[in-house]
Amino acid sequence: MDTKKELVVPRIENGTVIDHIPTNVLYQIVHILGLENYEDEVLIGNYLTSHKFIRKGIIKVKNKYFDNEEINKIALVAPMVTIIRIKNYEVIEKLEAEIPDHIDNFVKCMNPRCITNHEAIPTKFDVIDKKSLKLRCHYCEKFVTKDTIRFCE
Ligand SMILES: [Zn+2]
């Protein structure tokens, strides 16, 4: 990689790089991860040129490693992103965000009558279709799709 490109989004010493983000969901991921309130360096690049896609987004978060639940959340809106963990400027782990078979706790059921919207019960969904993104509520059996997906606050 030439140095000119490196300067666009500087390297980080420790933390996470989320790469190959589709440009239209970049800010959604920023929100899902709560990075608006993160009090350390966050580098956001969008519409950058890449080899894999024509344009892509990238997020670099200093001194932060995301857990599986957070990575699953990312996968729901951007299944193809690459998560890269950096330590002392070296890549220690590289993984692709994958949609899990079951999603607990963080997706909101869209059915106003669902018990999870009335009682302090964590939501539970089975993933019916990973490609088009279709989830079924464990309690009321209503579907949540890519267009109606909301996350619990
Ligand atoms: Zn429900």
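Hand me the GluC sites (Glu not before Pro) from region 12-44 located in a DSSP loop with no more than 11 other Cβ atoms within 10 Å, in residue order please. Working shown, then result.
Working: sites: Glu13, Glu36, Glu39, Glu41; in loops: Glu13, Glu39, Glu41.
Passing both the DSSP loop test and the Cβ count: Glu39.
With axes computed from alpha carbons, what is the tilt in degrees of helix 68-77 against the longest principal axis of the chain, rounded to the nearest 10 within 0 to 90?
The two axes meet at around 90 degrees.
Can you tell me the equivalent ellipsoid semi-axes for the chain? Use √(5λ) from the Cα gyration tensor, largest first, whole Å. Write out the running numbers ahead of the final one.
Working: eigenvalues 202, 50, 33 Å².
Each semi-axis is √(5λ); the values are 32, 16, 13 Å.
Given Lys64/Lys124; Lys87/Lys124; Lys64/Lys108, which pairs have Cα atoms separated by over 31 Å?
Working: Lys64/Lys124 27 Å; Lys87/Lys124 34 Å; Lys64/Lys108 26 Å.
The answer is Lys87/Lys124.
Please work out the C-alpha center-to-center distance from region 39-68 to region 79-93 and express it in whole Å.
So the two Cα centres are separated by 11 Å.
With only alpha-carbon atoms in the gyration tensor, what are the semi-axes of the equivalent ellipsoid for region 77-153, in Å, largest first? Mind showing how you got there, number by number?
Values: eigenvalues 178, 41, 18 Å².
Working through the eigenvalues yields semi-axes of 30, 14, 9 Å.
Normalise the Debye intensity by I(0) for region 102-145, one equal point scatterer per Cα, no solvent, then take log10 at q = 0.33, 0.34 Å⁻¹ and round to two decimals.
Values returned for q = 0.33, 0.34 Å⁻¹ are -1.27, -1.33.
So for region 18-61, what percent of the C-alpha to C-alpha distances run longer than 12 Å? Could you put the intermediate results ahead of the total?
Values: 517 of 946 pairs.
More than 12 Å apart: 55 percent of the Cα pairs in region 18-61.
Using the Cα centre as the reference, give the magnitude of the dipole from point charges on the C-beta atoms of the chain (Lys, Arg: +1; Asp, Glu: -1; all else neutral), rounded to the nearest 20 debye.
Numbers: 23 positive and 23 negative charges, 115 e Å.
Computed charge dipole of the chain: roughly 560 debye.
How large is the helix-only mean residue ellipticity at 222 nm for the chain, computed as the sum of -39500 (n - 2.57) over DSSP H runs with n ≥ 4, divided by its residue count, in deg cm²/dmol to the nearest 500?
-4000 deg cm²/dmol
Pairs Lys73/Lys131; Lys60/Lys131; Lys62/Lys146; Lys73/Lys134: which are spaced more than 22 Å apart, C-alpha to C-alpha? Let's see the in-between values first.
Working: Lys73/Lys131 15 Å; Lys60/Lys131 27 Å; Lys62/Lys146 30 Å; Lys73/Lys134 14 Å.
Beyond 22 Å between Cα atoms: Lys60/Lys131; Lys62/Lys146.
Among the trypsin sites (Lys or Arg not before Pro) in region 44-115, which ones are in a DSSP loop with at most 14 other Cβ atoms within 10 Å of the Cβ? Mind listing them? Walk me through the numbers before you get to the answer.
Numbers: sites: Lys52, Arg55, Lys56, Lys60, Lys62, Lys64, Lys73, Arg85, Lys87, Lys94, Lys108, Arg113; in loops: Lys52, Lys64, Lys108, Arg113.
For trypsin sites (Lys or Arg not before Pro) across region 44-115 that sit outside H, G, I, E and B with at most 14 neighbouring Cβ atoms in 10 Å, the list reads Lys52, Arg113.
Laboratory data are not the source of any read-out in this text; all were calculated from the coordinates shown. Just so it is clear, the structure is predicted and the values come from calculations on it, not from any experiment. Glycine gets a Cβ as well: all are built from the backbone with ideal geometry, and neighbour counts include every protein chain shown.
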